[in-house]
1. Rounded to the nearest 0.05, what FRET efficiency do A14 and L41 have when you use their Cβ-Cβ distance and R0 = 35 Å?
2. If I model a spin label at F31 and R51 as a point 7 Å from the Cα along the Cα→Cβ vector, what separation in nanometres do I get?
3. Charges at C-beta only: +1 for Lys and Arg, -1 for Asp and Glu. How large is the resulting dipole of segment 2-68 about its Cα centre, in Debye rounded to 20?
4. Please name whichever of I29, Y10, Y48 sits farthest to the positive end of the charge dipole of the chain, dipole taken about the Cα centre and charges placed at Cβ: Lys and Arg +1, Asp and Glu -1.
5. With loop defined by DSSP as not H, G, I, E or B, and exposure as at most 11 other Cβ atoms within 10 Å, which is the longest segment of the chain clear of exposed trypsin sites (Lys or Arg not before Pro)?
6. Please return the longest stretch of the chain lacking exposed loop sites, where chymotrypsin sites (Phe, Trp or Tyr not before Pro) count only if DSSP places them in a loop and at most 13 other Cβ atoms lie within 10 Å.
Amino acid sequence: MILSIVKHEYAITALLELVTEHEPEVKGISFEPPVFVDLALAWRKDGYLSRADRSFIDFIKKQMQYRAD
């Protein structure tokens with residue numbers, strides 16, 4: 001939705017480079033120096049999580065713990 005708003009020239013925004021790199025209608029400029037952001041996994045509170053969802057959450061938790069060590 002945000003990308004669509006930018007494409008229609010209603011706004012500019014900061015997005016992950018991944019979002020803009022395959023969008024020929026959008027000009028992306030990297031920040032210098034690079035900006036680091038804290039990301040979070042999000043899902044509906046008390047919502048159903050499939051086995052694949054739970055496996056992905058566990059994988060991410062393990063990866064983040066590994067990088068912290």
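Read-outs: derived from the displayed coordinates by stated rules, not from any lab. The model shown is predicted, which means the values in this text are computed figures rather than measured ones. A quick note on method: Cβ atoms are made from the backbone with ideal geometry, for glycine too, and the neighbour counts reach across all protein chains shown.
1. On the way: r = 20 Å, r/R0 = 0.58.
FRET efficiency, A14 to L41: 0.95.
2. My value for the distance between the label points is 4.0 nm.
3. On the way: 9 positive and 10 negative charges, 102 e Å.
Here the size comes out at about 500 debye.
4. Y48
5. Numbers: sites that count: K27, R44, K45.
Counting only loop sites that pass the neighbour cut-off, the longest clear stretch is 1-26.
6. Details: sites that count: Y10, F31, F36, W43, Y48.
Answer from the scan: 49-69.
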